[in-house]
Amino acid sequence: MTAAIPTHGGNLRWAAAIAQCAPDEILDFSASINPLGPPQSVLDALRNAIESQQALTAYPDPSYRRLREVIAQHHNIDPDWIFPGNGAAELFTWIARDCSDLATVYLPVPAFADYERALKALNIPITTIPLSLEPDNFDLPWARSPQPHSALLLNNPHNPTGRLWSADAIRGQLAETAEALDLVAIDEAFIDFLPPDQQQSLIDQVAEYPSLVIVRSLTKFYSIPGLRLGYAIAHPDRLKRWQQWRDPWCVNALAEVAGIAALGDRDFARQTWQWLPTARGQLQDGISKLPGMTVYPGAANYLLVKSAMAAEIQQTLLMGDRIAIRNCSTFPELGDNYFRIAVRTLSENQRLIHALQ
């Protein structure tokens, strides 16, 4: 390919340059975004906000009180424990700064690229924990006998494998290492794609463990990545420290409007929970039947696929079918032998399966 492979999925301009078409002609399986959204409730709220001009002509509330109240009600916690961010990526920056005086940060790998980006920007020592990719090995990648005054950064469901660890397993490890780990950050960006009775969230443990930080994203589940909106749940003392570090108004007013509307749309959430298992099963079954491809089972809205021809497949799909997938060569531990695909609608999934055939 003529240009470097992007670190993140969803780079449609890069994909369109290879496919020699317009960006809106690309069928994007590279970014794990809910294909059912954005919800109509969010579009209506944005339209009303723009027509009233209030969200355009006035500064956002610097405390984001209303947004924090809605998030708090969604999780049944106090608003003081919530910190809205300009996507989860901004929150990783403050997590990294919180680790700047620690001995090391334990990082299970492969890992989402923004973790390492944030840590390396502040020259923070990283101790990697290799994660087994074997489908029958779901051991929790925790720091065994961690150094005093260290940290751990984990995501659940894991990206890019999609595996989900139980809350009980994480809680047990958290209790065992609480004295050594000054900060445990758990990225739950994709956990909303599971129904509430299947989610393995640690939000209910934040009050018990002052070292615990939970990161959530609203952009993936509600299909609003262009607005950049996430939030952290942590002890208020930690969040007050973060607030002193950041620029004012990091979350724009339209993102705030969208987040408030999205969290109130329970019908959209139920529709997503009904769609995903069937669509993911269709995609996993169709690709697993193709020669030379191994599909890893996952709990999120994406699948990791092993293939010795991942780079060639990516280029061929773009040039011949205008379909974008995520080449995992930007995950150093995976290299050129893996690609990741988002789960989309049944018809779009079938289009990808046919193209791979």
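Every number here is computed from the coordinates shown, using simple stated rules; none is lab data. Remember, predicted model here, so these are calculated numbers, not experimental data. Cβ: placed from backbone, ideal geometry, glycine included. Neighbour counts: every protein chain shown.
Oblate is the label for segment 181-267. Its Cα gyration tensor axes, ordered a ≥ b ≥ c, give a/c of at least 1.5 and b/c at or above a/b.
For VAL206, neighbours were defined as the other residues whose beta-carbon sits under 13 Å from its Cβ, and their charges (Lys and Arg +1, Asp and Glu -1) total -3. Sites count as exposed loop sites when they are trypsin sites (Lys or Arg not before Pro), lie in a DSSP loop, and have at most 14 other Cβ atoms within 10 angstrom; the longest stretch of the chain without one is 145-288.
Exactly which chymotrypsin sites (Phe, Trp or Tyr not before Pro) in segment 221-268 are in a DSSP loop and have at most 15 other Cβ atoms within 10 Å?
Hits after loop and neighbour filter: TRP249.
Here the calculated FRET efficiency for ARG241 and ASN137, from their Cβ-Cβ distance with R0 = 41 Å, stands at 0.60, rounded to the nearest 0.05. Given +1 at the Cβ of Lys and Arg, -1 at the Cβ of Asp and Glu and no other charges, the dipole of segment 110-171 around its Cα centre is 220 debye to the nearest 20. Per-residue Cβ neighbour counts within 10 Å put TYR302, TYR209 in the sequence TYR209, TYR302, beginning with the fewest. Sorting MET309, MET293 from the fewest to the most surrounding beta carbons within 10 angstrom yields MET309, MET293. Dipole of the chain computed with +1 at Lys/Arg Cβ and -1 at Asp/Glu Cβ about the Cα centre; of THR57, GLN199, PHE331, farthest Cα towards the positive end is THR57.
Only Lys, Arg, Asp and Glu carry charge here, each on its Cβ (+1 for the first two, -1 for the last two); on that basis segment 41-263 has a dipole of about 580 debye about its Cα centre. When semi-axes √(5λ) of the Cα gyration tensor in Å is computed from the coordinates, the matching label among (i) 31, 27, 19; (ii) 33, 21, 20; (iii) 37, 25, 18 is (i).
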